[in-house]
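Each remark here refers to the structure printed beneath this line.
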Amino acid sequence: MLKFEKFSGIDNVAQPHRLTKDQLTVAENVDIGLSGEIFRRGGYSSASAVCHKNVWQGSGFMLATTDGGDLAVTTGATQTVLYASLGIARVWYCNLPDGRTTFSNGLINGITDGAVTTKWGVPIPSGIGAVTDVAGSLHPGSYQYQVTHVRSADGLEGPPAYSNPVPLPSGGIVLTGLPVLAGHTTNIYITGRDGGTGYYAGNTANALFSFTGTNEQLVLPCRTEFLDAMPVGTVTAFWRGRTLVAVGPTLYASQPSQWELCDMRKNFKQFSGDITLIQPVDGGIFVGTTKELAFLAGTEFDKLSYEPKVTGNVVLGSGVSVRGELIKQREGAALGTAMICIADGVLTAGYSDGDVVRMTEGRYETTATEVAATFRMINRIPQYIAIPQ
């Protein structure tokens, strides 16, 4: 039996014969005390007989995928399927301030409150219907119209589909064959004569609509013009009133306080490799990719400045949020939000001001390519756990 009076840590970089008597290359199923003492890690008991993956704590509910790939809300041994056949791929989550949680596996996404699910965003209508000119009070001329879907559950309006210019010499319009989407109604907007901004003309719950009123009745502009539903991506996060989503090497941000809508013309940042980490802190956003760890400094998305930090792969799933004062790796305890990840094979801390510290440089390295990571406090001892996937 080997007895350690005081353990100084793991070292898997140095040659084994160069290790001191207080070091190990591997230490499994043990915890390390605040004074360097080693003690056996506590066991656990199964909470459910069903195999689960992708476990996530929402606001008052817990999400997980079953062995068959269903997304379920779990309470003790009871589970209710929220989304059938989501698949066995990794699921990425993000808790929203209103108590809902987003989920996405890169192909399918949605939002749930623990009881029901909706799509993440309202889709653009699949068509614009057919136009008939009828007698009405619009100024005779050429007009365009827009069609949007409105989710009945919460009134969320999606982005519009646009018509080509249509002549209305008689001053009225009848639309037939409008797209119908279950659980949604349809808003119609009409521009001024000769085009321009679309203004609210009315709502329909079926494929028919008509407007024979005056131009002066068209006063409320379409507020989702030029927007899109948030794209389906992988890594997600919430930052300063926006949802953030990674799609390959591109980071997309929602509209402020409109977490399901994105202006894809400008609300994005492009990186040199596929994004593997999004970790917001007080002073900006850490973004990890297959090629680097970078810091986007600032508090406004369109004014963020890019700062390279570490060259090398950032391990997918390794990023976790942590209070800065718990990572005492530089002079004084940093305040505010911070994060830990695995960058270039090394455990790396990132602080609110964008500084990084390679915590295990020269002492511990890993070749993991994807992990499920978390940070927790056990007996006042901070623990970072990253399980290879």
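The number of Lys pairs in the chain with C-alpha atoms less than 26 Å apart, excluding pairs fewer than 8 positions apart on the same chain, is 16.
Among 371-378, 220-227, the peptide with the highest mean count of other Cβ atoms within 10 Å heads the list, and the full ranking is 220-227, 371-378. Computed about its Cα centre, the charge dipole of region 125-263 is approximately 180 debye, with only Lys, Arg, Asp and Glu carrying charge at their Cβ.
Please state the charge dipole magnitude for region 73-188, taken about the Cα centre, from unit charges on C-beta atoms (+1 on K and R, -1 on D and E), reported in debye and rounded to the nearest 20.
Values: 4 positive and 5 negative charges, 56 e Å.
Dipole magnitude for region 73-188 comes out near 260 debye.
Computed with every protein chain present, the accessible area of Lys309 is close to 70 Å² [probe 1.4 Å].
Applying 1/(1 + (r/R0)^6) with R0 = 41 Å to the Cβ-Cβ distance of Val134 and Arg265, what FRET efficiency is obtained, to the nearest 0.05? The partial results should precede the final answer.
On the way: r = 36 Å, r/R0 = 0.87.
That gives a FRET efficiency of 0.70.
Under a 5 Å amide H to amide H cut-off, with H placed in plane at 1.01 Å, what residues pair with Gly336 once short-range neighbours are removed? Close amide H contacts, sequence-distant or interchain: Gly324, Glu325. Database remark: amide H of Met62 closer than 5 angstrom to the amide H of Thr74 (H placed geometrically; neighbours at sequence offset of 5 or more, or on other chains; Pro and chain starts carry no H).
Using heavy atoms of the protein chains and a probe of 1.4 Å, the accessible area assigned to His139 is about 80 Å². Placing +1 on the Cβ of every Lys and Arg and -1 on the Cβ of every Asp and Glu, with no other charges, gives the chain a dipole of roughly 660 debye about its Cα centre. Each 5 Å bin from 0 upward holds the following percent of the Cα-Cα pairs of region 96-239: 2, 10, 18, 20, 17, 11, 9, 6, 5, 3, 0.
For Ile88 and Ser45, compute 0.36 nm times the residue count separating them, minus their Cα-Cα distance, and round to one decimal in nm. Walk me through the intermediate numbers first.
Values: separation 43, 0.36 × 43 = 15.48 nm, distance 2.42 nm.
Additional length available on full extension: 13.1 nm.
Selection among Ala246, Tyr143, Thr74 by position relative to the dipole of the chain gives Thr74 as farthest towards the positive end (Cβ unit charges, Cα centre). The calculated P(r) of region 89-162, using every Cα pair and 10 Å bins from 0, goes 15, 33, 26, 13, 12, 2 in percent.
Given the choices (1) 5, 19, 21, 14, 12, 12, 10, 5, 1, 0; (2) 5, 19, 24, 21, 15, 9, 5, 3, 1, 0; (3) 5, 23, 32, 26, 12, 2, 0, P(r) over Cα pairs in 10 Å bins from 0, in percent derived from the coordinates of this structure is entry (2). All Cα-Cα distances of region 156-300, cut into 5 Å bins from zero to the largest, leave 2, 8, 16, 16, 14, 10, 9, 9, 8, 5, 3, 1, 0 percent in each bin in turn.
The distance between label points at Asn379 and Val13 comes to 2.8 nm (points 7 Å beyond Cα on the Cα→Cβ vector).
Paramagnetic label reach from Ala207 (point 7 Å along Cα→Cβ; backbone nitrogen cut-off under 15 Å): within region 148-177, residues 175-177.
How much FRET efficiency would the formula 1/(1 + (r/R0)^6) give for Asn29 and Asp154, where r is the Cβ-Cβ distance and R0 is 51 Å, rounded to 0.05?
On the way: r = 47 Å, r/R0 = 0.92.
Efficiency, from the Cβ-Cβ distance: 0.60.
Based on C-alpha pairs under 8 angstrom that are at least 6 apart in sequence, the chain has a relative contact order of 9 percent. You can think of it this way: the chain between Ser305 and Ser257 has 15.1 nm of extra reach, that is 0.36 nm per residue less the Cα-Cα gap. Along the axis of the charge dipole computed for the chain (Cβ charges of +1 for Lys and Arg, -1 for Asp and Glu, origin at the Cα centre), the listed residues Leu19, Phe103, Ser305 are led at the positive end by Leu19. Backbone phi angles across region 123-130, fed through the Karplus curve with coefficients 6.51, -1.76 and 1.60 (θ = phi - 60°), yield HN-Hα couplings of x, 5, x, 6, x, 10, x, 10 Hz in residue order; Gly and Pro are listed as x.
The values are calculated or read from the model by the stated rules, or taken from the named source; none is laboratory data. Quick caveat: nothing in here was measured; it's all calculated off a predicted structure. Neighbour counts run over all protein chains shown; Cβ positions are idealised from the backbone, glycine included. Remember, those area values only see protein heavy atoms, side chains included, never the ligands or the DNA or RNA. Shrake-Rupley method; radii C 1.70, N 1.55, O 1.52, S 1.80 Å.
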